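The values are calculated or read from the model by the stated rules, or taken from the named source; none is laboratory data. On a predicted model such as this, the values are computed, not experimentally measured, just so you know. Every residue, glycine among them, receives a Cβ derived from its backbone with ideal geometry; neighbour counts consider all protein chains shown. Note: areas computed on protein heavy atoms with side chains; ligands, DNA, RNA excluded. Shrake-Rupley method; radii C 1.70, N 1.55, O 1.52, S 1.80 Å.
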Amino acid sequence: MFAAAFDYQKASSVAEAIQLLSANPESKLLAGGHSLLPLMKLRLARPATLIDIGAVAGLKGITVSGDTIRIGPLTTHGEIARSHDVRHANPLMAEVAGGIGDPQVRNRGTIGGNIAHADPASDWGTVLTALEASVELQGPGGSRTVAAEDFFVDAFTTACGENEVVTAVTAPVLSRHIHDNGHGHGHGHDHGDHGHGHDHGDHGHDHGPELSQIHGDVGEYAKMSHPASFYPVIGGAVVVTVEDGNCTAAKVAVGGLVPSPIRSRSVEAALVGKELTMQNISDAVDHLSEDLGDEIIGDVFASADFRRRIAPVEVKHALYHAIGLAHH
């Protein structure tokens, strides 16, 4: 199908984009187009005006400063996956970016467009929620920052106000250090652009640290992905703080099976203070059902009951991979 007729305007600055949004009712911003254009072709979205922000200076790029990573909304998934700075400071984000869609999607799709679209079948919402990341917005009333957990409100619905523009995504640096039997330590791990979700069999590459070597924050994401699009049918993201084999803090989020990402504070509470053994992790993820609620998505890809049953498995595997009990 073809998109319905629309007007096209191009903004040269954030201020101009905001002005054009205000002056054109029922308008939409166009970044990479990989979220919006397919909906327009199916006529599920019919904006009267497209406002192209692809050339707006300052909305692209990655900066690591202190404990924070700041990513411009026009930065593509591929650029995040390939970024040495992201791989070093937050390898979870680099790994996730490298497993989004296919090469065309990764090289054209942007993180800003992805989160503004808020498709339940998206990786970033779940991962940013687990990271306790933030989204920076600018509109007619000025600038504000919204926590990722509050940004994703419902399916295809965000906290982005009328005539507001996403200007940045900020996330924490993960502070993991690897102690190598007294021979020094490293910071972070480098997965590279290696694929579309994880293969959870008991095989793979014997790489990564042992649990006893990890001190600090580690994060991981596991998903059951659609075989053609590689979008998550179910996704689980975890960030845990490890000291001497014990969990001292945990953040767990799930997505794909719910209209918007959910933090599982029941699983988090069950992990904190425990030794990170397979049994303790398995017991903790059994609490996930306490947080899922009743709005489980069921469709042609997977029933609601199947998604509910498999979600704890994805969270468990994310935890296993994060601390080296299993490898990719």
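Name the helices (complete DSSP H segments) of the chain with a Cα length along the long axis of 15 Å or more and a Kyte-Doolittle mean of at least -0.5, or state none.
The qualifying helices are 304-323.
Can you give me the long-range amide H partners of Val258? Hydrogens built in the peptide plane at 1.01 Å from N, cutoff under 5 Å, separation of 5 or more residues or another chain.
Close amide H contacts, sequence-distant or interchain: Ile297.
Give me the net charge of Gly125's neighbourhood, meaning all other residues with Cβ under 11 Å from the Cβ of Gly125; Lys, Arg count +1, Asp, Glu -1.
-3
With a sphere of radius 13 Å drawn around the Cβ of Ile281, what net charge do the other residues whose Cβ falls strictly inside it have (Lys, Arg +1; Asp, Glu -1)?
-4
If you take every residue apart from Thr63 with its C-beta less than 9 Å away from the C-beta of Thr63, what net charge results, scoring Lys and Arg +1 and Asp and Glu -1?
Values: positive: Arg70; negative: Asp85.
Residues near Thr63 contribute 0 overall.
Leaving out ligands, DNA and RNA, what percent of the accessible area of segment 14-91 is carbon and sulfur, probe 1.4 Å? Intermediate results must be reported in sequence, preceding the final value.
Numbers: 1880 of 3640 Å².
C and S fraction of accessible area: 52 percent.
Each residue of segment 254-262 in order: what ³J(HN,Hα) in whole Hz does its phi give by Karplus 6.51 cos²θ - 1.76 cosθ + 1.60, θ = phi - 60°, with x for Gly and Pro?
10, x, x, 9, 10, x, 9, x, 10
For segment 8-91, which GluC sites (Glu not before Pro) are both in a DSSP coil and crowded by at most 11 other Cβ atoms within 10 Å?
Glu26
Where only protein heavy atoms count, and the probe is 1.4 Å, what is the accessible area per residue for segment 40-142 in Å²? Walk me through the intermediate numbers first.
Working: 3720 Å² over 103 residues.
Normalised by residue count, the accessible surface of segment 40-142 is 36 Å².
Give the cross-link partners of Lys10 among the lysines, using a straight C-alpha distance below 25 Å as the criterion and excluding same-chain residues fewer than 8 apart.
Lys28, Lys41, Lys60
Can you compute 3J(HN,Hα) from phi for each residue in segment 155-171, using the Karplus curve 6.51 cos²θ - 1.76 cosθ + 1.60 with θ = phi - 60°, rounded to whole Hz and x for Gly and Pro?
4, 6, 9, 10, 7, 5, x, 4, 6, 9, 10, 6, 10, 5, 10, 10, 9
Taking only protein heavy atoms and a 1.4 Å probe, what accessible area per residue, in Å², does segment 227-328 have with all protein chains in place?
Computed with neighbouring chains in place, this is 41 Å² per residue.
Check Ala133: other-chain or 5+ apart residues with amide H under 5 Å from its amide H, H built from backbone geometry?
Answer set, sorted by chain and number: Ala148.
Given a Förster distance of 30 angstrom, what is the FRET efficiency for Leu37 paired with Thr248, based on the Cβ-Cβ distance and rounded to 0.05? Numbers along the way, then the final one.
Working: r = 45 Å, r/R0 = 1.49.
My answer for the efficiency is 0.10.
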